[in-house]
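S.K.: Before anything else, here's the structure in question.
The values are calculated or read from the model by the stated rules, or taken from the named source; none is laboratory data. Please read all numbers here as calculations on a predicted model, not as lab measurements. Every residue, glycine among them, receives a Cβ derived from its backbone with ideal geometry; neighbour counts consider all protein chains shown.
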Amino acid sequence: MSIPKYKRVVLKLSGEALAGDQGFGINPSVIKSIAEQVKEVAELGIEVAVVVGGGNIWRGKIGSEMGMDRASADYMGMLATVMNSLALQDSLENIGIDSRVQTSIDMRQVAEPYIRRRAMRHLEKKRVVIFAAGTGNPYFSTDTTAALRAAEIDAEVILMAKNNVDGVYTADPKLDENAVKYDELSYLDVIKEGLQVMDSTASSLCMDNDIPLIVFSVMEKGNIKRVVLGETIGTIVRGKA
């Protein structure tokens, strides 16, 4: 059996990835497929933390564009991530993977509060930890949450699983047939060229803490396992390319 390249990872899932082709809500077959891929990785002995977005249910940016108070709209988005996290936890436990949801906003009847040391202890016990409710603050994305939690728990890499693209391109490959995929980039390149990988706050946080990022497609079964085993798929973003 191949030896995993990483011991502790943060998997970043967009809310849209859970929606699949239906574009909204949670697609049962998609979330089951993702849970099975996470199981493959967990069974290799890798410690897995997950950050899930909420864009399949609600986007704070859309709410603010409707005239809603931005903070209120963002809090609604955080609650959407909790719904997705609970759905993922259920899918994982249905296939025999022990997991915990930790929320940045206190809701003890639903999930544990985020406590760094407790999260790390769960990981050491090989439980999948799902971080929900973003950072607990408005104006911050779940990309920033992934970068922050990765730094806090000493994760070796962030795995950014995409549902609509298999890496980072010079332009949107669906709109520009001449778009070229990058194999490797630096965070400075991402920020300077305005590439839509993650927001600038998240990119800066990863760069400052020297946390590599791998962008790949989660829609092809087995890709998460391939990444943690060190196969070259997608695009890797480092502090220095």
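S.K.: All but one of (1) of a type in the set (D, E, K, R); (2) out of contact with any Lys or Arg (no Cβ under 9 Å at 6 or more places or on another chain); (3) closer than 30 Å to LYS192 by Cβ hold for ASP154, so report the exception by its number.
M.R.: Condition not satisfied by ASP154: (2).
S.K.: Moving on. Regarding ALA35, is this residue in a helix (DSSP H, G or I) and either touching a residue at least 40 places away in the same chain (Cβ under 8 Å) or among the aliphatic types (A, V, I, L, M) (or both)?
M.R.: For ALA35, the condition - in a helix (DSSP H, G or I) and either touching a residue at least 40 places away in the same chain (Cβ under 8 Å) or among the aliphatic types (A, V, I, L, M) (or both) - is met.
S.K.: For segment 145-241, which helices (runs of 4 or more DSSP H) that fit wholly inside it have 3 or more residues that are under 26 Å from GLN102 (Cα atoms) and not polar (S, T, N, Q)?
M.R.: Helices (runs of 4 or more DSSP H) meeting the threshold: 200-208, 223-228.
S.K.: Do the conditions hold for ALA241, that is, is it surrounded by 14 or more Cβ atoms within 10 Å (Cβ to Cβ) and modelled with pLDDT under 90?
M.R.: Answer is yes for this residue.
S.K.: Output yes when any residue across segment 63-77 is among the hydroxyl-bearing types (Ser, Thr, Tyr) and over 21 Å from THR135 (Cβ atoms), and no when none is.
M.R.: No, segment 63-77 has no match at all.
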